[in-house]
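These notes concern the structure reproduced below.
The values are calculated or read from the model by the stated rules, or taken from the named source; none is laboratory data. Every value quoted in this text rests on a predicted model; they were computed, and no experiment measured them. All Cβ positions, glycine included, derive from the backbone under ideal geometry; neighbour counts span all protein chains shown. Surface areas here come from the heavy atoms of the whole protein model, side chains and all, with no ligands, DNA or RNA. Shrake-Rupley method; radii C 1.70, N 1.55, O 1.52, S 1.80 Å.
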Amino acid sequence: MNRTSRTLAACLLLPLLLAACGPRSGESPEQPTEELTEQSSEQPATTQVPSDDTTGDDPYLWLEQIEGERVDSWVDAENAKTLTRLSSDPRFEELKSQFRTVFDAENRLPAMMDLRQYRGQIYRLQTAPDRPRGRLVRTSLSSFASEAPEWEVLIDVDAIAAGDGRNWYLPMHQLIFSPSADRVLVPLSDGGSDAIALREYDLVAGQFFQDGFETPVRRHMAVWEDEDTLLVATPLSEEEQTTSAYARHVRRWSRGTTLESAPIIFSVEREDMLAAPVLFESASMRQPLLMGARSFAEVRAFTWNEAEELLELKIPVALMDAFSGLAGMGTQVTLLLQNDWNVSGETFPSGARVAVDLARVIQQGGQPDGAVSLVYMPKENESLAGLFGSFTAAGDAIYLNVIEDVKSRIRRVAPAADGSWKVTGLPLPGDGAASLPLFADPYTESFLLRYESFLTPPALYRVDEGQTLQLLSQEQSDIDLSSYVTEQFFAKASDGASIPYFITRAIDRKPDAKAPVLMYAYGGFGIPMIQNYELFYIGPTHRIWLEQGGVFVLANPRGGGEYGPRWHQAAKRTTRQTVYDDIYAVAEDIIERGFSAPGRFGFIGGSNGGLTAGVVATQRPDLFGAVISLTPLLDMERYHLLLSGASWMDEYGNPDDPVEGPALLAYSPYHNLKPDVSYPEILLLTSTRDDRVHPGHARKMGNKMRDMGHEVMFYEAREGGHAMAVNNEGRAFNAAMQAVYLMQKLME
């Protein structure tokens, strides 16, 4: 999966879309932000468990308290044990230095989610060793395409953090531009958490507005209705949160008034997932919409009619489309269908992308009759499924990132005179991963495209209306990547399905039953995992594993989106065991091909993939000799009660349901630990500031394993949020820690 997509894919979906630290310091000793790591007291609590609660059947509930003397002491002690072993390894400092050099390299390209294009301007965050938080800069598209772009410095995030005494970082994908692009809402995250403060910045004057829009630290979703009005979903109290910890209300906030006094114009029930404003924007139409989501699968869309009355639109707007920016041309918005859709007697199949004439739907009182056309229907071996960077609109065409047998293909789709859509291909350099802009810029005919593979350093291209790719920049590798090769194979699952996977190895490494194999997989939420030069949470694949003599495997089990909704739906709720069985089929296929042997496999996964790591460790300890579980879900009986967990019940199921509950417990890693089973040593990594997946999952798993006498290592970063790091020092620390662990377990 490309870096743009995986940054959010591995994160259980919503921000809707990386840190190491010494005990209690906030970062490793060299990092310059120790004094800025206090969590904002403005953020409402999303879970409260008494620190001395040991009632019920779970004696470790007290570890669900986010912070407190007892919890902090336990975390400090576990961190110290892990650091004593890993950081004292003579390879640790050298590896960390190597990773830091890679991350700090001048030619390192930004991920697409960190590169914003709007009205012909390119915005990015420039970091440096002495500016770990970076500076927000911009330049024109033409300047960006030149050999020496001229960057205008807008905001120095390090200076703001120092001035405020806060651990601020700027998540680029959450910049919110006004209709004129003269103003922008700047997001500031405290220590990498999902909760942000929004501040209005004047892009013309080059300064923050003295009396502009400004919010407390919350989970915000906002769009500009006009230059002086925001539509904003923000929970001002715990009562205004849903059980998924998102906002229940959307407010219309006028300039010169307080957020608290802004009238509520749209609401959902507390048991729903969220309420949020979103925006459809083309060169000729700008239409705010309101979304009410019961779950990822149950979403309703609203806007206003000519009488300014709330109007429900009978169109299937998927949450992933909505939060990556609704795109299209003229009045045509394009939508990815998660289910079959019957309109005026015609059925548009799930997995297809359709165009809907939004203006006509509004004129027809929300009804889509006669307003829908088929843009692209994937073939049997294709998928349009994905998260961000999967489609964009530019000029008179739509560009789709089509996944064909787990490889990127870019398709240009333009309206024809007869009302149909003409499809042409855009050639890519190879069979790796392409990433389109996170948000479309409908006001220009050119856009940026990123391409990479396991063995191809990321390259950035400009795509113009002539459908040609102009190479702008490419990262350089400091090793000879031509000495490695990537191959794709298909394993046969227990039910006969073909499960794709990639093996990357040294060309001269012949099949060897003693070979150490590192496997990465996700298998959830309909998200496809395709090739990438770096692994999210981890770092450059070749650095962390291939150069050490290992073999790397990316598995593509069902539950992901590699082959569209059918691939995803085959492993949801009560059929989720399919994900793990597919992974075992891949491992056994690798063994049969002679590339490794039982016990020689390592597994790594984060977030939903961290759950997968916990499951494979507890279900098949015979296969895996090392397991890294990052920011994981592990307690599947209580996941829906912690932070954003309730929003994932459509994927995993409801623990309180008489059918789905037992299915969850059947694979829940936390509940399937047994004292008399020999498990691989697990490295559990989490973050105190992860306000998406509760750190209590990893804490409780680690404590329970240790009490049972199992080998386990635990490390909790004190900042970094769900990504576990917010700067290159933290990323390098994390990568070195994991690399040393893997070498200790599989190469000695």
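Each peptide in 268-277, 605-614, 151-160 was scored by the mean count of other Cβ atoms within 10 Å over its residues; highest first, the order is 605-614, 268-277, 151-160.
Keeping all protein chains in place, calculate the accessible area per residue for the chain (probe 1.4 angstrom), answer in Å².
Values: 25240 Å² over 748 residues.
That works out to 34 Å² per residue.
Work out the length of the dipole vector of the chain about its Cα centre, built from +1 on the beta-carbon of each Lys and Arg and -1 on the beta-carbon of each Asp and Glu, and round it to the nearest 20 debye.
On the way: 66 positive and 103 negative charges, 319 e Å.
Rounded to the nearest 20 debye, it is 1520 debye.
The GluC sites (Glu not before Pro) of the range 315-413 that DSSP puts in a loop, and whose beta carbon has at most 14 other beta carbons within 10 Å, are Glu380. Only one of (i) 149; (ii) 254; (iii) 187 was calculated from the structure for volume of the Cα convex hull per residue in Å³, and its label is (i).
Here the range 321-439 has 46 percent of its accessible surface on carbon and sulfur atoms, given a 1.4 Å probe and all protein chains in place.
Would you work out what percent of the accessible area of the range 693-748, with all protein chains in place, is carbon or sulfur (probe 1.4 Å)? Its accessible area is 41 percent carbon and sulfur atoms.
DSSP beta bridges confined to the chain are antiparallel in about 80 percent of cases. Only one residue of Tyr741, Pro662, Gly292 has its Cα farthest out toward the positive end of the dipole of the chain, where Lys and Arg carry +1 and Asp and Glu -1 on Cβ, and that residue is Tyr741. Among the trypsin sites (Lys or Arg not before Pro) in the range 507-580, those placed in a DSSP loop whose Cβ has at most 13 other Cβ atoms within 10 Å are Lys514. By accessible area, using a 1.4 Å probe on protein heavy atoms only, the range 148-296 has 46% of its surface on carbon and sulfur.
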